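For reference, the structure is listed below as structure tokens.
The values are calculated or read from the model by the stated rules, or taken from the named source; none is laboratory data. On a predicted model such as this, the values are computed, not experimentally measured, just so you know. Here the Cβ positions follow ideal geometry from the backbone for every residue, glycine too, while neighbour counts run over all protein chains shown.
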Amino acid sequence: MKGLLWIAGLAGAVAVVVLVLMIFGLLPANTVKLVEGYMPMQMLFELAFFVGVFSAISFLLNKSGFPLPRFWQGIAFIAFILMYLKYRVYPPIPFSVRAMYGTVTIVGVFMWMSGNEEDWRKFKQPILNVLDAGTRFHKTLRTGYLIGIPILLWGFSYNSFLPNLDEPIELRTVHPAPPASTKVHGKTFVLQTSQNPYRVNPEGKYDQEYTNAQIVEQGMGRLMKPNANPWDPKAEGYLKYVREGGEIFFQNCHFCHGDNLNGRGLHAFAFNPIPANFTDPGTIAQLQETFIFWRVSKGGIGLPREGFPWASVMPPWEQHLTTDEIWKVVLFEYWHTGYYPRTWD
Amino acid sequence: MRNLRSRSKLILILIAAVGITMVSGSAGVWTFAEEGSGSGLPEGFKKGDLPPLPPAEMIEAGKRVYFTKCVWCHGVDGAGDGPSADRLWPRPRNFNQGTFKIRHTASGELPLFDYRKPTPGQNDLFETVTHGLPGSAMPSWEGILTEEQRLQVLSFVTTQLVKDRRYDDKETETLTMLQLDSIKPIPPSKESIEKGAQLVVDKKCIECHGINGRGDGNAFNLKDDWGFPIQPASWHKCWNFRGSRQDAYNVKNIFRTFSTGVNGTPMPSFADNTTVEERWHIANFVQSLCERDTNGEPLPIDPLTDKPKVNFVIRSGPVEGDIPDDPQHELWQKRERRIVLFGGQITHKPRNFVNRIDDVWVRSIYNNKTIAFMFQWEDRSKSVAEKKLPFQPTEVNLDTYGIKEQPPKTGEPDSIAANQNKYTVYNDAFAFQFPVKWQELPPPEKPRFLWGDEKYHVDITKWSADGSLKAFTGSGWDQDFEDRDDFTEKMKLLKAEWKDGLWTLMIQRPIKGDYDEDTYFEMGKYIPTVFFAWDGHNGDIGRKMAVSAFYYTILEPPIPKETYIYPTLIAVGVVILEGWVLTRRANKKKGKI
């Protein structure tokens, strides 16, 4: 048991050192990788790990006769969480959210500290010691605080009173409410009743079940089903339409939406709002196929006000593609991401 | 541990060497050649063994990866002719000849690939797939494909799609590895960089890469092995280096590319005619040219895009007196510059899939009457239309004049591949737009990024390389501009100079004009701004151009008095609070005693 604790403690110390080195850029920031798509789970797991090893370290310090005072344990833990949220989590979370997490952490630590009378006394003892200034050391410290705190606060408030010239924050609705129907190339499509004419079984009938069975598999890589290769020269029907849709996608759409449909195309870096990431479960997986058809046909310029039509560079694809081509591209996007289009029922 | 591993490696090499020697019968020539000197190998290189071929099940698994992910660009037969190929520049790799750009192996050799070990520095193709090729459409597949899937797909590519060569052909293939890990780098001292600066002249690097390394030396005559036009790299944008491995400022990558050359392109290996020391000097010099911030620190690179991080606010700083027209003037040099990133205009026809201008540096200052901008961007050529253009500067719908979008298929006469470097030359140009009457916009509404819309008009300032600087009104992407001659007269072109691959453009305009027509600046307000750029040698004209996202221009206000008053009040308050706490504590203690 003791050996295990030692290992945990050492592992924790190493992990903290690695994290700090990564934060200061002394080790490459991807030494411990953040796995794409699993970031929240990984974050919880890592934090749980750190809490565990901290307990081990604290226990070991106690055992070996160098106990860390409660007060400093609490401070160190709060500092650790704040640093972790700021530097480790990627993509970065905004300050307001971090402030919320930070407050929750402080409250939590406070509750931990004041759990019983004994702990609470231990916690406030260092503060009282400084206030009373019984020793020379504490006297110096107190003088330092008395002078330092007003100066620091002056600096902070000066900074916050400086005119803020950051980019203004604007909230955009990525998937605004669609219209009831849309007219493309002279034909009216009612969004509730229209169907993708290429989502068909070998008999040529609209068939969700048949086509859903042939999309790529979920899981790392999102690879195609072994016997459902759209590039097979013998591929007919649905799979052939997928390939044709893919050809159109890679001649037109991948510049922004990317080779892996994750919104990281060749031109994506220049644009704001950034192109949609279709592999994210919050985009096409949440939407009906006809919604995508409408969004693709009418593009950024066809969005309602809350979708920021002035800023989106998404082309109104009816200017570039035929209706059939648009349906095929939609078909391909669902195939390649391995998602089912949402249905109306 | 390390000792053990290197020993087992040595044994492996010995066994393999003996094996190969027996097969090929060329004993003793290179078996124990540790370093290049004296062995006939270039300095810093060492002979290696051909890797084993991957097993059939890995190849089969890789085929599945290839036909899900790669076929769309690299094509069914790996000939670099997938559906996307012709609208990309650089084009996707043609695997058939086994020609790969980024390698640790000597010029002309196959790159390192071993299906068993994805070790950095020992598996070139694996690293290419992992990190992608920045500056091209090849993305980083890390986090998308697992390590195993990446090795599988490479097993498929190297055995099935590399058709003219075989990795295990001991008759024709050799493997000479650059020993990048064991060569000691020379630190980028001032002397080293100075030596490098001289060496790039002596070694004729500047003939292609240009006097200032902006890729403007021989920009229009270079072709790759397949006859497609390519262009020399700009040393100032290290984040676009294909071999940067998502570590743009790492000098080792430059050293490697310089030592091994770029197969399939006119970039040779300099291993034979430079010493290792000289190569470090050159690499240090090239690295020193890459853009940096005002403190000389590397720019922060966004790992998702492999481009410098962007701040969408362009801050214009207050100055007293006249605005200088010399870009080297202290008032300009003191201003922080901000990078504006550009993509092709791919929203309306004619779309620009291959934009050659991908970033512009902007500085701005203002005095009580005027605001001035300095734009600097790389362009490999100064382009001025040879003849008078048949259309008016206000016209935007140019399809009737034959300005059409290129079809997506290679081989078609109008395709991008057929036209690259052979376009009709138009004027280089630059423009930016602000909303007219932005004060009345209900936030967050703005006029559309592409020349405004019917409801909200924009104030467009456009400069062309023929020397014209004009003010227009825009009212939609397909609506012809309207001249604003009154305002045109009030604007001033401070400077427009193309030198060694860099345009410097300085434009000054009044802060206030006619409220109903011209954008009226106010201090401390965010003015939505969009930038446009045309490269005349890319056939850019009309809507075929590069375009930025929405940025904001803001006139920095001087610091108000409140900024000093309130913090002082707060600090005084805190001092009083401290006194109160201490008195209370002291009283309490007294009471206790």
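Determine which member of the set B:541, B:527 is assigned by TED's automatic domain parsing to the domain that holds residue B:394, more than 24 Å from the chain's Cα centre (by Cα) and under 30 Å from residue B:372 (Cα atoms).
Unique residue meeting the criteria: B:527.
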Scanning region B:59-91 for residues that are surrounded by 19 or more Cβ atoms within 10 Å (Cβ to Cβ) and among the aliphatic types (A, V, I, L, M), the one farthest from the other protein chains (Cβ to nearest Cβ) turns out to be B:59
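Name the residues in region B:512-547 that are of a type in the set (A, V, I, L, M, F, W, C) and within 14 Å of chain A (Cβ to nearest Cβ), would you?
Of all residues in region B:512-547, those of a type in the set (A, V, I, L, M, F, W, C) come to B:521, B:523, B:527, B:530-534, B:541, B:545-547.
If the condition is that a residue be of a type in the set (A, V, I, L, M, F, W, C) and within 14 Å of chain A (Cβ to nearest Cβ), then B:523, B:527, B:530, B:531, B:532, B:533, B:545, B:546, B:547 are the ones that fit.
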Scan region A:299-306 and tell me whether some residue there is of a type in the set (A, V, I, L, M, F, W, C), touching an Asp or Glu at 6+ places or on another chain (Cβ under 9 Å) and either more than 9 Å from every other protein chain (Cβ to nearest Cβ) or within 28 Å of residue B:80 (Cα to Cα) (or both). no
Filtered residue count, region A:82-122, keeping only those that are more than 30 Å from residue A:274 (Cα to Cα), of a type outside the set (Phe, Trp, Tyr) and without any contact (Cβ under 8 Å) to a residue 40 or more places away in the chain: 14
Pick out the one residue from A:71, A:110 that is touching a Phe, Trp or Tyr at 6+ places or on another chain (Cβ under 8 Å), hydrophobic (A, V, I, L, M, F, W, C) and farther than 23 Å from residue A:15 by Cβ. A:71
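Is it the case that some residue within region B:280-294 is of a type in the set (A, V, I, L, M), under 30 Å from residue B:372 (Cβ atoms) and crowded, with 20+ Cβ neighbours inside 10 Å? Explain how you work it out, then say what you get.
If we filter region B:280-294 for residues that are of a type in the set (A, V, I, L, M), which is where we start, we get B:282-283, B:286, B:289.
Imposing the further condition that a residue be under 30 Å from residue B:372 (Cβ atoms) reduces the set to B:289.
Still in the list and also crowded, with 20+ Cβ neighbours inside 10 Å: B:289.
Within region B:280-294, one or more residues are of a type in the set (A, V, I, L, M), under 30 Å from residue B:372 (Cβ atoms) and crowded, with 20+ Cβ neighbours inside 10 Å.
Could you go through region B:109-130 and let me know if any residue there is closer than 19 Å to residue A:279 by Cβ, surrounded by 20 or more Cβ atoms within 10 Å (Cβ to Cβ) and in contact with a Ser or Thr (Cβ under 7 Å, 6 or more places away or on another chain). Reasoning before the result, please.
So in region B:109-130, the residues closer than 19 Å to residue A:279 by Cβ come out as B:129-130.
Checking which are surrounded by 20 or more Cβ atoms within 10 Å (Cβ to Cβ) leaves us with B:129.
Restricting the remaining residues to those that are in contact with a Ser or Thr (Cβ under 7 Å, 6 or more places away or on another chain) gives none.
No, region B:109-130 contains no residue that is closer than 19 Å to residue A:279 by Cβ, surrounded by 20 or more Cβ atoms within 10 Å (Cβ to Cβ) and in contact with a Ser or Thr (Cβ under 7 Å, 6 or more places away or on another chain).
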Please specify each residue of region A:165-203 satisfying the condition of being touching a residue at least 24 places away in the same chain (Cβ under 8 Å), part of a loop (DSSP other than H, G, I, E, B) and of a type in the set (Ser, Thr, Tyr). A:173, A:194, A:198
In region A:225-234, what residues are surrounded by fewer than 23 Cβ atoms within 10 Å (Cβ to Cβ) and either of a type outside the set (A, V, I, L, M, F, W, C) or more than 8 Å from chain B (Cβ to nearest Cβ) (or both)? A:225, A:226, A:227, A:228, A:229, A:232, A:233, A:234
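Rundown of residues vs (1) among the basic types (Lys, Arg); (2) free of Cβ contacts under 8 Å to residues at least 60 places away in the same chain, yes/no style:
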residue: B:398; (1), (2): no, no
residue: B:409; (1), (2): yes, no
residue: B:415; (1), (2): no, no
residue: B:442; (1), (2): no, yes
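Do we have any residue at all in region B:187-207 that's under 30 Å from residue B:86 (Cα atoms) and not hydrophobic (A, V, I, L, M, F, W, C)? If you could, list the steps in order and put the result at the bottom.
First, pick out the residues of region B:187-207 that are under 30 Å from residue B:86 (Cα atoms): B:205-207.
Still in the list and also not hydrophobic (A, V, I, L, M, F, W, C): B:207.
Scanning region B:187-207, I find at least one residue that is under 30 Å from residue B:86 (Cα atoms) and not hydrophobic (A, V, I, L, M, F, W, C), so the answer is yes.
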Kindly establish whether residue A:250 is more than 22 Å from residue A:39 (Cβ to Cβ) and part of a helix (DSSP H, G or I). yes
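Taking the condition of being within 18 Å of residue A:292 (Cα to Cα) and either in a loop (DSSP other than H, G, I, E, B) or among the hydroxyl-bearing types (Ser, Thr, Tyr) (or both), how many residues in region A:208-245 meet it?
Start the filter on region A:208-245 by keeping residues that are within 18 Å of residue A:292 (Cα to Cα), which leaves A:208, A:211-212, A:215, A:241-242, A:244-245.
Retained after the next criterion (residues that are either in a loop (DSSP other than H, G, I, E, B) or among the hydroxyl-bearing types (Ser, Thr, Tyr) (or both)): A:211, A:215, A:241.
So the answer is 3.
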Mind listing just one residue for me: the one in region B:463-473 that is of a type outside the set (A, V, I, L, M, F, W, C) and assigned to a strand (DSSP E or B) and, of those, nearest to residue B:212 (Cα to Cα)? B:464
Kindly indicate whether any position in region B:441-452 is more than 14 Å from every other protein chain (Cβ to nearest Cβ) and either part of a loop (DSSP other than H, G, I, E, B) or over 30 Å from residue B:89 (Cα atoms) (or both). no
Could you look through region A:156-205, keep only residues that are at pLDDT below 95 and among the aromatic types (Phe, Trp, Tyr), and pick out the one that is nearest to residue A:329 (Cα to Cα)? A:161
Would you pick out the residues in region A:8-48 that are in a helix (DSSP H, G or I), within 14 Å of chain B (Cβ to nearest Cβ) and exposed (fewer than 15 other Cβ atoms within 10 Å of the Cβ)? A:39
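Would you mind finding the one in B:499, B:525, B:446, B:470 that is within 27 Å of residue B:385 (Cα to Cα) and in contact with a strand residue (DSSP E or B) (Cβ under 8 Å, 6 or more places away or on another chain)? So that I can check it myself, show each step before the final result.
Details: B:499 fails: in contact with a strand residue (DSSP E or B) (Cβ under 8 Å, 6 or more places away or on another chain); B:525 fails: within 27 Å of residue B:385 (Cα to Cα); B:446 fails: within 27 Å of residue B:385 (Cα to Cα).
Step by step, each of B:499, B:525, B:446, B:470 is checked, and only B:470 is within 27 Å of residue B:385 (Cα to Cα) and in contact with a strand residue (DSSP E or B) (Cβ under 8 Å, 6 or more places away or on another chain).
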In the list A:287, A:331, which residue meets the criterion of being surrounded by fewer than 22 Cβ atoms within 10 Å (Cβ to Cβ), over 20 Å from residue B:343 (Cβ atoms) and touching a residue at least 12 places away in the same chain (Cβ under 8 Å)? A:287
Quick check on this structure: which one of B:485, B:514 is farther than 19 Å from residue B:324 by Cβ, touching a residue at least 24 places away in the same chain (Cβ under 8 Å) and not aromatic (Phe, Trp, Tyr)? B:514
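So that you can scan it fast, the table gives a plain yes or no per residue for (1) within 20 Å of residue A:223 (Cα to Cα); (2) in a loop (DSSP other than H, G, I, E, B); (3) among the hydrophobic types (A, V, I, L, M, F, W, C):
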position	(1), (2), (3)
B:137	no, yes, yes
B:150	yes, no, no
B:154	yes, no, yes
B:157	yes, no, yes
B:165	no, yes, no
B:171	no, yes, no
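Anything in region B:341-359 that is more than 7 Å from chain A (Cβ to nearest Cβ) and within 17 Å of the chain's Cα centre (by Cα)? List them, or say none. If you could, list the steps in order and put the result at the bottom.
Keep residues of region B:341-359 that are more than 7 Å from chain A (Cβ to nearest Cβ), which gives B:345, B:350-352, B:354-359.
Result: B:354, B:355, B:356, B:357, B:358, B:359.
Residue B:559: within 9 Å of chain A (Cβ to nearest Cβ), aliphatic (A, V, I, L, M) and exposed (fewer than 13 other Cβ atoms within 10 Å of the Cβ), yes or no?
On the way: within 9 Å of chain A (Cβ to nearest Cβ): yes; aliphatic (A, V, I, L, M): yes; exposed (fewer than 13 other Cβ atoms within 10 Å of the Cβ): yes.
Yes; evaluated as a whole, the condition is true for this residue.
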For region B:457-479, name all the residues that are buried (at least 21 other Cβ atoms within 10 Å of the Cβ) and aromatic (Phe, Trp, Tyr). B:463, B:472
What is the number of the single condition among (1) more than 30 Å from residue B:552 (Cβ to Cβ); (2) touching a Pro at 6+ places or on another chain (Cβ under 8 Å) that residue A:161 does not meet? (1)
If I go through region B:393-441 residue by residue, how many of them are of a type outside the set (A, V, I, L, M) and farther than 22 Å from residue B:488 by Cβ? 25
Among the residues of region A:235-283, write down those that are within 8 Å of chain B (Cβ to nearest Cβ) and acidic (Asp, Glu). A:247, A:259
